[in-house]
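Taking it in order: structure first as structure tokens, then the write-up.
The values are calculated or read from the model by the stated rules, or taken from the named source; none is laboratory data. As the structure is a prediction and not an experimental result, all values here were calculated from the model. Neighbour counts are summed over all protein chains in view; Cβ atoms, including those assigned to glycine, are modelled from backbone coordinates with ideal geometry.
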Amino acid sequence: MGKKKKKARELAKAEHATVGHVARAADTAPVAFLGKASDVADQPPLVVLSLATIAVGVVLRRRDVTRTGARMLLAHALATAGKTVLKRAIDRSRPRRSLKDGQHHAGSGSGSDDTDLNSFPSGHTAGAVSVAEAIAQTAPGYAGPARGGAAIVAAIQLPRGAHYPSDVAVGAGIGWVADRLAGMAVDAAERAIDRRLKGNDEDRAIEEAEAHPS
């Protein structure tokens with residue numbers, strides 16, 4: 001196990017040596033702007049978007065829209081849980097911190113509150129991908145914009161100095177898995193609701209027949 005941890009640290013440091021310099025673009029105007037814009041993939045905005053989608057579906061009595069919102073919300077919650085577990089288990093310097101300190105740290109999680117040691121994995125990417133996939137799977141017409149937006153959020157994390165490629169890749173994987181799990185849960189819940197509604201309709205039909213026998 002010790003050898004595996006040592007190997008993982010070596011790979012992390014090699015990745016920093018290879019692509020860490022990309023973070024030097026963080027202070028350029030375009031990267032700073034896009035980096036700020038990518039905060040739309042932070043937890044509060046995505047939760048609000050999911051809840052708003054559910055509300056629109058309820059108000060318009062659009063079951064498909066409500067389903068999309070529910071899957072978005074659950075997928076995001078699962079992605080957040082997944083990335084949080086990994087962030088607590090693994091400490092890794094963010095590229096911008098490593099460039100500033102002149103050294104790269106990677107190792108077992110220490111429970112540090114220092115967000116500059118929470119590079120792995122990318123939470124923005126996990127959240128963006130989970131919600132984008134939920135939209136793509138339930139509203140295919142919006143798949144392109146949703147996935148494109150998630151891709152932009154993921155890509156900008158490198159030049160803004162927030163994450164390394166492996167952080168982003170793992171974050172995307174977490175988001176994808178979270179959506180698939182959310183999809184199974186939402187589909188199961190929907191089937192259960194349909195069975196309940198069907199049973200209620202049958203009960204009412206029986207009561208009506210008994211009340212008005214031919």
- [ ] Could you list all residues from the stretch 118-154 that are free of Cβ contacts under 8 Å to residues at least 12 places away in the same chain and either over 23 Å from Arg67 (Cα atoms) or crowded, with 18+ Cβ neighbours inside 10 Å (or both)?
- [x] Ala136, Ala151
TODO: Report, by residue number, each residue of the stretch 55-86 that is more than 17 Å from Ala132 (Cβ to Cβ) and β-branched (Val, Ile, Thr).
DONE: Val56, Val58, Val59, Thr66, Thr84, Val85
Task: Enumeration of residues in the stretch 81-95 that are more than 15 Å from the chain's Cα centre (by Cα) and farther than 20 Å from Leu11 by Cβ - done: Arg88
Open item on the list: Here is a check on your reading of the model: is Arg63 among the basic types (Lys, Arg) and over 27 Å from Asp194 (Cα atoms)?
Closed with: no
Open item on the list: Would you confirm whether or not the stretch 63-74 contains a residue that is outside any helix (DSSP H, G or I) and small (Gly, Ala, Ser)?
Closed with: no
Open item on the list: Please go through the stretch 1-49 and give me each residue that is more than 29 Å from Leu78 (Cα to Cα) and among the polar types (S, T, N, Q), ordered by number.
Closed with: Thr18, Thr28
- [ ] State which residue is modelled with the highest pLDDT when the search covers only the stretch 11-58 and only residues that are of a type in the set (S, T, N, Q) and surrounded by fewer than 14 Cβ atoms within 10 Å (Cβ to Cβ).
- [x] Thr28
